[in-house]
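Computed from the coordinates by the stated procedures, all read-outs in this text should not be read as laboratory data. These numbers come from a predicted model, not from an experiment. Ideal geometry is used to build each Cβ from the backbone, glycine not excepted, and the neighbour counts take in all protein chains shown.
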Amino acid sequence: MTIDAPARLEAKGARPRLAERMSFAFGDIVGNGLFGLSGSYLLYFYTNVYGLTAASVAMLMLLVRVVDSVSDPLIGYMIDRRILFGGRVRPYLKWFPLLFGLATFCCFLPLPLGPHGKLAWAYVGNLALGITFSLVIVPYGLLPNVMTRNGQDRLSLAMFRMCGATLGTFIVGACTLPAVQMFGQGNERLGYPITMAVAGLVGGLVAMIPYFTCRERYTLDADQAPLPILLGSLLRNRAWIAVTIVLSLFYINMTAFYGLSIYYAAEVLGRPKMFGGLLISLMGIGKVFGTMASPFLVRRLGPRGTVIAPYVLSMACLALFYISPNRAEPLAALFTLTCFFEGMTLPVFYAMLADSIDFGARITGVRAAGMAYSINSFFGKVAWAMGGALSAALLGWGGYVPQAATQTPTARAFITFGFIGVPMCVACVSILLICLYPSERHLAAVSAPNPLKTDP
């Protein structure tokens, strides 16, 4: 990485100011918000509104996400080789967010087609959504690496990013179903596409804000190493491997909460669908406050401890949620606490990711920032695909019947396992895997100061 301005600028205050760090959050308000719409409501839209079977949706979500995941490494390769925009990442946020918003709308556009035509249109819309999402989120994710080298600033940027992401989650949960009702007047087939048209346009414009407000103080070195060398350097970087796997598992957790909240509220708890939307909103609220508390915990427990302790506490809260009486207040409080503890891990994951990229460059001598982040995003998409497909498959395996007055005990059990059991399994596995991430002492030995500590 080379400096495109004198190095003394950072010492004289050229580091990102508060306004710049806050504006950086807008990228993930939209990224998490629009992609969260597909995670929260697309499964319901396809099965209950558009008339696709749960089995076909499960296969769709798995195949499309895996196929479009290839776009992430390709975009990273383009950035590393400076094929587009001279290797700069901000211009991507000028040209592609509106296309991302358009793709979101197309996914919820119920074209009057036959059964095979409907399925084909769903494949096209989801493929376009994944590719345009990559064109926005891969360069956006690399912004901290070109905005600052200061470890504390990167942690701060990660915190603001996660606040933006969780705010996007809150907006998705709080506004989507009321908007569908308002625009459709009870007709979900009309309400969903109008809602998504508005969300796509507004979201596309908001996602452009970091292009105008964030500054690239450093440039990513163009690494001309052959692709096998780039990939080999990543396989030698255990810090990057550990955080990539754990962050990917987190996406599976998110798909369980996003995709099955409406089903769990309506079919297991016997409550209105709006309660499922409330749970999604509470997920956003809990994670916002958890994100804000994360730096406090990092200073006391370190990065790995700030993953392990909150995951243990989140499992405890989720277990209490499961056995709690079916009353709105305790359910809402326990679910909010579950997401609060999970939210503590989010800034640490992204700070770890940014630092692991630089760590890998130092231990391997190969600079592959674009490839490292894009493959991380690739595995995140695969995990998102697996989680979405698993949620749909659980509905099919349990014998879920759309619009049925009541579901069978088997169907309710499968929904419960998806909503409660899958996140519990993710937390257990993540606690074990995060121990593979290098300790602070190891990171300091490779390069001082520690990137997760304040630079002197």
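Tell me the relative contact order for the chain as a rounded percent, counting alpha carbon contacts under 8 Å between residues six or more apart. Walk me through the intermediate numbers first.
Values: 790 pairs, mean separation 122.4, N = 456.
Computed value for the chain: 27 percent relative contact order.
Apply the Karplus parameterisation 6.51 cos²θ - 1.76 cosθ + 1.60, with θ equal to phi minus 60°, to every residue of the range 44-58 and state each ³J(HN,Hα) to the nearest whole Hz, in sequence, with x for glycine and proline.
3J(HN,Hα) across the range 44-58, in whole Hz: 5, 4, 5, 7, 9, 10, 8, x, 7, 6, 4, 5, 5, 5, 4.
Taking the Cα centre of the chain as the origin and placing charges on Cβ (Lys, Arg +1; Asp, Glu -1), which of ALA120, MET159, LEU190 is farthest toward the positive end of the dipole?
The residue sitting most towards the positive pole is MET159.
Among LEU63, GLY130, TYR311, which residue has its Cα positioned farthest towards the positive end of the charge dipole of the range 18-446, with +1 placed on the Cβ of Lys and Arg, -1 on the Cβ of Asp and Glu, and the dipole taken about the Cα centre?
Selected residue: TYR311.
Taking K and R as +1 and D and E as -1, what net charge do the other residues with C-beta under 14 Å from the C-beta of MET61 add up to?
Details: positive: ARG65, LYS381; negative: ASP68.
Local charge sum for MET61: +1.
Which net charge results when you count Lys and Arg as +1 and Asp and Glu as -1 among the other residues whose beta-carbon is under 15 Å from that of SER377? Working shown, then result.
Numbers: positive: ARG65, ARG161, LYS381; negative: ASP28, ASP68, ASP72, ASP80.
Surrounding charge for SER377 is -1.
Return ILE229, ILE75, ILE431, ILE375 ranked ascending by Cβ neighbour count within 10 Å, so the fewest neighbours appear first. List each step's numbers first, then the result.
Details: ILE229 14, ILE75 26, ILE431 17, ILE375 22.
In order of increasing Cβ crowding within 10 Å: ILE229, ILE431, ILE375, ILE75.
Show me the ranking of peptides 122-133, 419-430 by mean Cβ neighbours inside 10 Å, starting with the highest. If you can, show how the numbers build up before the last one.
Values: 122-133: 21.6, 419-430: 19.8.
In descending order of packing, they fall as 122-133, 419-430.
For the charge dipole of the range 18-446, defined by +1 on Lys and Arg C-beta atoms and -1 on Asp and Glu C-beta atoms about the Cα centroid, which residue among LEU320, PHE379, VAL348 has the Cα displaced farthest towards the positive pole?
Sorting the options by dipole projection puts first VAL348.
Evaluate the Kirkwood expression for the hydrodynamic radius of the chain, namely the inverse of the mean inverse distance over all pairs of different C-alpha atoms, and round to one decimal in Å. Walk me through the numbers before you get to the answer.
Values: mean 1/r = 0.0452 Å⁻¹.
Here the Kirkwood hydrodynamic radius works out to 22.1 Å.
Could you state the angle between the C-alpha long axis of helix 328-364 and the longest principal axis of the C-alpha atoms of the chain, as a value from 0 to 90 degrees rounded to the nearest 10?
30 degrees
With just the Cα atoms of the range 242-286, tell me how far they stretch along each of the three principal axes, in Å, largest first.
40, 21, 11
Return the sequence-ordered ³J(HN,Hα) values of the range 280-297 in whole Hz as given by the Karplus equation 6.51 cos²θ - 1.76 cosθ + 1.60 applied to θ = phi - 60°, using x for Gly and Pro.
Here the 3J(HN,Hα) series is 5, 5, 5, 4, x, 5, x, 6, 4, 5, x, 4, 5, 7, 4, x, 4, 6 Hz.
With +1 on each Lys and Arg Cβ and -1 on each Asp and Glu Cβ, how big is the dipole of the range 18-446 about its Cα centre, in debye rounded to the nearest 20?
Working: 28 positive and 16 negative charges, 91 e Å.
Approximately 440 debye in magnitude.
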